[in-house]
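Student: Sharing a structure with you now.
The values are calculated or read from the model by the stated rules, or taken from the named source; none is laboratory data. Since the structure is predicted, the reported quantities are computational estimates derived from the model, not experimental observations. Neighbour counts run over all protein chains shown; Cβ positions are idealised from the backbone, glycine included. Just the protein is used for accessible areas: all its heavy atoms, side chains included, with ligands, DNA and RNA removed. Shrake-Rupley method; radii C 1.70, N 1.55, O 1.52, S 1.80 Å.
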Amino acid sequence: MILLAVKNLAVQIPQQDKTIHLLKDISFTLKRGETLAIIGESGCGKSTLCLSILGLLPQHFQTAGNLTFYKNGVEIQLQDQTDPHFNNIRGSIVSMVFQDTLGSFNPLFRCGQQIIDVLKEHVSGSPIQNKQRAIQLIQQVGLNDAEDVFNKYPHQLSGGMSQRVALALALASNPDLLIADEPASSLDSMAKNQYLDMLRELKDKTNLALILVLHDLNDALRFSDSMFVMYNGRGFEYRKKSDIQKTPAHPYTRALIDIQNSLNQTRLPQQIPGEVPSITKLIPGCPFHPRCSKRSDICRTTFPPPTFFLNNHFVCCHHYFKSN
Amino acid sequence: MILQICLLCLNIFSLFSCQKNHHGQFEHSDLYPKNQQIQDGGTLVIGIRAEPESINPLFALSQSSRNIIRLVFSRLADINEDLKGFTPRLAKSWEISTDNSQITFHLRTNVHWQDGTPFTSKDVVFTYQMHINPVVAWDGMAYKQNISSVEAFNDSTVVFSFYENHRSMLSDAVEGYILPAHILQNISPQNLFTSDFNRHPIGTGPFQLNSWIDMQTITLLKNKRFYESGKPHLDQIIFRIIPDNFNLLNQLKAGEVDLVESIYPKDFQAIIQNWNHGHSDIRPISYLGRRYDFIGWNMIDPESYRNSIDRGESQDAIKYNIQPNRLFGSQKVRAALTMALDREAIMNTVNFGMAVPMNGPVSPILPSYNEAANIVWEYNPQKALKFLAEQGWTDSDGDNILDKNGIPFKFEILTESGNLLWEQVATIVQAQLADIGIQVTPRFLEPALLYGKLLPAKDFDAVIIGWSVGLTPDFSPLFHSSTFYTPFHFTGYYSREYDRLDELAKTAANDDMAQKYYDKIAQLLSNDLPYTWLYYRMECSAVHGRFKDIIYDRRGLYNNPEDWWIPLDERQYIDKVFKK
Amino acid sequence: MKILPQKTQTNQSMTSGCITIGLVFIFLLLGPLLTPINHTSQNLSASLQPPSSSHWMGTDYYGRDVLARLVFGGRITWIIAIASTFMAVNIGTIIGLFSAYQGGWIDLIVMRLVDVMLAFPKLFVVLLIVGLGASSTSLLIWVLALFSWMEIARIVRSEVMSQKNRTYIKSVRALGLRTPRIVFIHILPNVLGPVIVSSVLLISTIILVESSLSFLGLGVQAPSASWGSILNDGRIDPLGTWWLSVPAGLLILTTVIGFNLIGNGLHKQLDLKKIV
Amino acid sequence: MLNGIIRRILSAIPTLLVGITLCFLIIHLAPGNPATRFLNPSQTAATQEIIRERFGLNQSLPIQYFHWLKQVLFHFDFGYSFYNGKDCTEVLISALGPTIILSFWALVFALSVGISLGIFTALRADTHVDRVINSTMMIFLSTPAFWLGLMFIGLFTIHLNWLPGSHLHSLYYDQLDSFGQLLDSVRHLILPVFTLGLPLAATVFKYIRAGMIDALQSDYTLAARARGIRQSTILWKYSLKNSLLPLVSLLGVIIPALLSGAVIVEVVFALPGVGRAMVTAVFGRDYPILMAGASLAFFIVILFNIVADIFYRILDPRIRNSAGGL
């Protein structure tokens, strides 16, 4: 059952002399219980994408495209950032765990209080029920000493704890979709895996849909159902995880997979030549062409139209059919 | 007689009762027609600039304190307008013994203190004891020097005995307000200064203190026990403390304040204009007061004076060891400086006509004043330059500044900061002396520094200040050699001739004899010019026109507060709003 | 979301501050050209005249040209403000540097002293000293400086404290440089930004304190003048003699705003986080 | 936490003591002699000595100091005014009333105007309304209080005759009914409170606006919005508390500014407060009043610094829980 459909989402910042395109033509659909991994290097627009789904971009950003939430059939025109529908969606349908978890807590309020504030907003209950529910949530995210954590201030939390409390906060509103921006990126790999495992269990228990923003392909391959590969504000490839793992359709995806494989096989890692382009710089044609081994003339001038697969999955490359 | 610093006034006695046509600036509305029925009631609001420090006659220094004391307390007798006779107050009559050594006062028997206790001769004796008690340090102690004893003959009779027969015996005896013995005898003299009595006085005067709100208002109510029956007429007098001059005048204009004293001459002009044109009910009142301003020249060399002090030398050393001042040691220079100043212009500029010229030491309000006795140095810059040239001061290097032996004629002229009039005078003096090539730097100093340090140490060049004068001419604290080391004798003037005349004038048997010596003193001092007298000031006050029968003259404004009244048809909101 | 470019802004407050101060400065510099009259020369018959063609800003009680006095008084005001700020900045910087670099009990004592000095209500104490002492311009400058250095000292100290432990200082230390050299060559330039900002803001504070004192009759003494004392001259009748009270007040206001704007602008320009 | 507060209070004592000692030195070493007021040509040297003795000025400075300190510490006795012989404690207590009333209302005014306008403009950052209010506040921040007061008096008292320009009450205050008395007090307080409060409001405004903008642009606000917390909750609960933090620390700055401002306002509006008492005492060299006033001012400033610290601790858990703190 489809939960969210994103169609032709675009974000840009108008400036005096030029317009900076942060996102262009992003489309994907998300089913209940599905985990979508968004993959891309830093600066490709992943975080902007997350915020635009929540309608939280700064006022001077211009947006286009539409979002449809199938739970209550709301269709949101992204042209209007202040669409009142966002208010019904934030928290109750979509919630988000930010990359900088500590910064996402208000430093002056106890963790428990902040959870209760979310509960008050979305779940009607008596103060005692709310407190019980909050403690339950803290336990749910794998913290044993829940009562203690409840009374702690954010600055008293350790890194791992703050990740989990942030998750508890995001889950407090009982959302259908959880967006996690670089989850547990600040933790060591063991703690990170534990965290992601817990997230998966939770998802399975509650049929929660997840959008994981990741820059580590390995995590994406392990924890997601489908993957959305982004580059320079564009979607390059959107397919099932297994398909991408086996037959990456885009040269960029392939390069990423190759690097991952080389790491796994303890070979010397290969690298993608060239540099990640700045989002502020407009690259004509396919933005990957300066680094692409298969580039041809058309790549320099025209962005490749998507080639669609089932379930709105697609790849954008002039050479897709040629290479197959 | 007393001279005091910074407008600390005693009672004002003056001669010219009405200045009206003399200056022709405004018409006085004369006293209310006598046949009019006097009506009781009403409120007078008096605006004052500083909070009175104490309503105890022993410690009061400021004008506003003294005014309130005049309302709350009484003396044995008050001096008359002619400065010769006295009006009985607490004493109903007195006689002088045939050998001129005693005065016997017969006291009123119907007088009560404001707390109900009867007034008796004990109070008079007690007051005298306070007056001469060194611990109290009453500032009028000098009046009582000639009194050998004060004794109560019975409850209503007091006898004052004197050491010497002076012309001033009666005025010395009645000087000072009578204090309530039954209250103050319980307080040790050391603690009097801090006693509660100073804020909650009990007197015998026409009004009694009702409330005192700090830095805001002091309310006096009619004394129902007042010994003159049917008086006072006013129900209450409120003193409103308004430190800002502008604010004060504004409230006067708005009718929130009825009486203001010591108005700046410039502001007074506006009041005159409005009154003359019938625009305002505020009546201007002016009379020759007690104040005059002058430039004092330091006639001795500060350094040699300091050395003399350090060596602990006696008065005689004046003659031998102290050098004359390098600038003002010469009479010719002082005369030249006097002639270089257009004193008439200065007077008119700062006083807007509210002053009269002054050329000698005797104040124009005194009986011994004789303008003809003074030597007058008219404005004459040419002659001034000539005098200076004779003393060696010429502009030899052409820099427009006079010099002598390569030393330019430059000096500092001090005055009290915050005194608008004197600051102006200093600025004008600077400009006028610059015209004849003398460079003057005005310096405005804190009063405490000026009077507390520089003047007593004779460490200055020239100073612009003023004196407030008393009843009889007495210049010895200023010029007599016996006071050479005291703070008030800052000019360092020394003249054997003056010493002689001063003593002769004091001991003269009668007024006519004394007058001769005072004329000589006036001539001597106006020639020697330890001061350059600038002008004699007129007091500028204003009162709302509805108050009738205010007698004001040289003695001041508070001569008959118990007689002031307001006709019923002129009463204002404030006269009615107060509940009895 | 740091990757997202911010809307670029021109530094308006810097520009308008500089223009304001520049205009006042030009007025003070070229003022004498506007009026040939000396600020002390009196015309007693023309006392308190409203603005006219011969006196563009009217005359005061002594018939002195108000425009000339505004120029002269403004110079005094500026000189006092800048001189005492300069002194306060020097005192504050030296004390701050010294305290931070020495650390230990010296730092403790110095910081206590700063606490004490900050606990003085400034106007109160300056009023006390200037009122009790002989009022002279140099005393005024000294007193204002002596009660203004604490903020600077605090800023310098905290900046130095944070710089002190940075790697680059450790590395120059490792190179064997001596302390004073490290302080003056390596640390001082880094604390300069915040110090400049707060000293520009200090100028406005001092102008306000000085004019308050002069207004109370305790600051600059006649016949010299400052804007505060000219305002005090106009106190006799603030609206009646508006040419005494209004221009002087506006000039104080403009100057203070100007310096505040420059301070804020510099703050933005140098991208300093918190200076309070 | 209690421990920290006690430590803070104890550490303030030496500050207070050093400050007061400095004041004593400043006052007593200043040139000039307070006994000058009582000089009189008719006095003998003995009388002048008696006056000096009356004020304790005949003793050496250290003895005067320790005597003063002893009296203050053990008897809470600040001595008697040189001017009128009144008990300094009484003088100051009676003067403190108007100053507190004035400062309190000015503070209330400053906080209410500053905070509400600060929030109002922070929500409309970079709009025209914001710019207009911001510039207006900048002007008030830079206006000398005495000038503002003077202009107010000129306009509202003299020109328009709407409001009284001096004193706390009308003359016939006692004759009014209680509503009339209230109205009368309010009318008298409006101009002084505005004069004292406007620059202060501008300061508060500056801090609140900056703090609010900071808070609203912070990650935690974004996160709270992502959790679906209502805008009003974010504004009034989260952001306000965060933007109040710098204001609390500002309290330590506001109080001395308030005291300094009160001096000017009390002089301009003839209010019987501490400031005016101090100015009068400076001109009259009334040492005991000056010392008592300075001690009081110090005490108030330090007290409010401590209060500000305590508030800060209560509001900001990061400081509260750090060991030792401050």
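Student: Please calculate the 1.4 Å probe accessible area of D:T280, with all protein chains present, and give it to the nearest 10 Å².
Tutor: That residue has around 80 Å² of solvent-accessible surface.
Student: Roughly what angle does helix C:122-132 make with the longest principal axis of chain C, taking Cα atoms, 0 to 90 degrees, to the nearest 10?
Tutor: Taking the Cα atoms of chain C, the angle to C:122-132 is about 60 degrees.
Student: Would you mind telling me the antiparallel percentage of the DSSP bridges in the protein assembly as shown, rounded to 5?
Tutor: On the way: 94 of 132 bridges.
Taking every DSSP beta bridge with both residues in the protein assembly as shown, the antiparallel ones total about 70 percent.
Student: Then there is this: What's the total accessible area buried between chains D and C, using a 1.4 Å probe, rounded to the nearest 100 Å²? Could you put the intermediate results ahead of the total?
Tutor: Values: alone 18400 and 14840 Å², together 29330 Å².
The D and C chains share an interface burying roughly 3900 Å².
Student: What is the set of long-range amide H partners of A:I20 at a cut-off below 5 Å, with H atoms built 1.01 Å from backbone N?
Tutor: A:I13, A:Q15
Student: Across all directions of projection, what mean area in square nanometres is found for the Cα convex hull of chain C? Intermediate values should be presented prior to the final figure.
Tutor: Working: hull surface 75.8 nm².
If I average the Cα hull's projected area over directions, I get 19.0 nm².
Student: Right, another one. Quick one: accessible surface of B:E151, probe radius 1.4 Å, all protein chains present, in square angstrom to the nearest 10.
Tutor: Here the accessible area works out near 110 Å².
Student: Looking at this model, which pairs from B:K332/B:K386; B:K231/B:K253; A:K71/A:K192 are more than 21 angstrom apart at the alpha-carbon? Before the final figure, lay out the partial values.
Tutor: Values: B:K332/B:K386 10 Å; B:K231/B:K253 29 Å; A:K71/A:K192 31 Å.
Distance filter (> 21 Å) returns B:K231/B:K253; A:K71/A:K192.
Student: Then there's this: Starting from the Cα of B:K224, draw a straight line to each of the lysines and keep only those under 17 Å, dropping any in the same chain fewer than 8 residues away.
Tutor: B:K579, B:K580
Student: Then there is this: Could you state how much accessible area D:T221 has, in square angstrom rounded to the nearest 10, with a 1.4 Å probe and all protein chains kept in place?
Tutor: 10
Student: If you wrap the range D:117-188's Cα atoms in a convex hull and average its projection over all directions, what's the area in nm²? Spell out each step's value before the answer.
Tutor: On the way: hull surface 27.9 nm².
Averaged projected hull area, Cα only: 7.0 nm².
Student: How much mean residue ellipticity at 222 nm does chain C get from its helices, if each DSSP H run of length 4 or more adds -39500 (n - 2.57) and you divide by all residues, to the nearest 500 deg cm²/dmol? Present the calculation step by step, with values, prior to reporting the outcome.
Tutor: Working: 10 runs with 184 residues, N = 276.
Result for chain C: -22500 deg cm²/dmol, rounded to the nearest 500.
Student: List the pair-distance distribution P(r) of the range B:290-537, using every Cα-Cα distance, as the percent of pairs falling in each 5 Å bin from 0 up to the bin containing the longest distance, rounded to whole percents.
Tutor: Cα pair-distance distribution for the range B:290-537, in percent: 1, 6, 13, 18, 19, 18, 14, 7, 3, 1, 0, 0.
Student: Okay, next question. Taking Cα atoms, how many degrees apart are the long axis of helix B:63-72 and the longest axis of chain B, rounded to 10 and kept between 0 and 90?
Tutor: Approximately 20 degrees, to the nearest ten.
Student: A follow-up question, please. In Å, what Kirkwood hydrodynamic radius results for the protein assembly as shown from the alpha-carbon pair distances? All intermediate terms of the calculation are to be shown ahead of the outcome.
Tutor: Numbers: mean 1/r = 0.0260 Å⁻¹.
Here the Kirkwood hydrodynamic radius works out to 38.4 Å.
Student: Moving to a separate point now. Excluding residues fewer than 8 places away in the same chain, name every one of the aspartates and glutamates whose C-alpha is closer than 17 Å to that of B:K410.
Tutor: In chain and number order, the partners are B:D301, B:D395, B:D397, B:D399, B:D435, B:D459, B:D461.
Student: If you don't mind, there's one more thing I want to ask. Which one of D:S60, D:A223, D:L296 is farthest out on the positive end of the charge dipole of chain D, using unit charges on Cβ (Lys, Arg +1; Asp, Glu -1) and the Cα centre as origin?
Tutor: D:A223
Student: If you don't mind, another one. Relative to the longest principal Cα axis of chain A, at what angle does helix A:189-206 sit, 0 to 90 degrees, rounded to 10?
Tutor: Approximately 80 degrees, to the nearest 10.
Student: Which lysines, on any chain, are close to B:K520 with Cα under 17 Å apart, when same-chain ones fewer than 8 places away are left out?
Tutor: Correct list for B:K520: B:K506.
Student: Around B:V124, under 15 Å between beta carbons, what's the net of Lys plus Arg minus Asp minus Glu among the other residues? Write down the numbers at each step before the final one.
Tutor: Working: positive: B:R75, B:R89, B:K92, B:R108, B:K122, B:K144; negative: B:D123, B:E151, B:D155, B:D172, B:E175.
Around B:V124, the charge tally is +1.
Student: What quantity of accessible surface, computed with a 1.4 Å probe and excluding non-protein components, is buried in total between chains D and B, in Å² to the nearest 100?
Tutor: Numbers: alone 18400 and 24180 Å², together 38510 Å².
Roughly 4100 Å².
Student: With label points built 7 Å along Cα→Cβ from the Cα atoms of B:S188 and D:F299, find their separation and express it in nm.
Tutor: The answer from the label model is 2.8 nm.
Student: Tell me, what ³J(HN,Hα) does each residue in the range B:302-319 have, in order and in whole Hz, if you take phi through Karplus 6.51 cos²θ - 1.76 cosθ + 1.60 with θ = phi - 60° and put x for Gly and Pro?
Tutor: Ordered by residue, 3J(HN,Hα) equals x, 5, 5, 5, 4, 4, 5, 5, 4, 7, x, 6, 8, 4, 4, 4, 3, 5 Hz.
Student: Could I ask something else about it? Tell me the per residue accessible area of chain B using a 1.4 Å probe; a whole number in Å² is fine. Can you show the working numbers first?
Tutor: Details: 21430 Å² over 580 residues.
I get 37 Å² per residue for this part.
Student: Which residues of the range B:222-264 end up with at least 40 Å² less accessible area in the presence of all protein chains than when their chain stands alone, using a 1.4 Å probe?
Tutor: B:R240, B:P243, B:D244, B:F246, B:N247, B:N250
Student: I would also like to ask the following. Using helices alone, what [θ] at 222 nm do you get for chain B, with -39,500 (n - 2.57) per DSSP H run of 4 or more residues, divided over all residues and rounded to the nearest 500? Don't skip to the end; give the middle numbers.
Tutor: Details: 17 runs with 154 residues, N = 580.
For chain B, the value works out to -7500 deg cm²/dmol.
Student: Summing -39500 (n - 2.57) over the DSSP H runs of n ≥ 4 in chain D and dividing by its residue number, what mean residue ellipticity at 222 nm do you reach, to the nearest 500 deg cm²/dmol?
Tutor: Values: 12 runs with 232 residues, N = 326.
Value at 222 nm, helices only: -24500 deg cm²/dmol.
Student: If one computes the Cα centroid of the range C:89-106 and of the range D:168-225, what distance in Å separates the two points?
Tutor: Each part reduced to its Cα centre gives a spacing of 39 Å.
Student: Distance from the Cα centre of the range B:394-424 to that of the range B:345-367, in angstrom?
Tutor: 24
Student: How much of the DSSP bridge set in chain B is antiparallel, in percent, rounded to the nearest 5?
Tutor: Details: 62 of 80 bridges.
Bridges in chain B that DSSP calls antiparallel: roughly 80 percent.
Student: Could I ask something else about it? May I have the count of lysine pairs in chain C with C-alpha atoms under 19 Å apart, counting pairs 8 or more residues apart or located on different chains?
Tutor: Working: C:K2/C:K268; C:K2/C:K273; C:K7/C:K268; C:K7/C:K273; C:K164/C:K273; C:K164/C:K274.
Lysine pairs satisfying the spacing and distance rule in chain C number 6.
Student: Tell me the relative contact order for the range B:394-525 as a rounded percent, counting alpha carbon contacts under 8 Å between residues six or more apart.
Tutor: The value is 18 percent.
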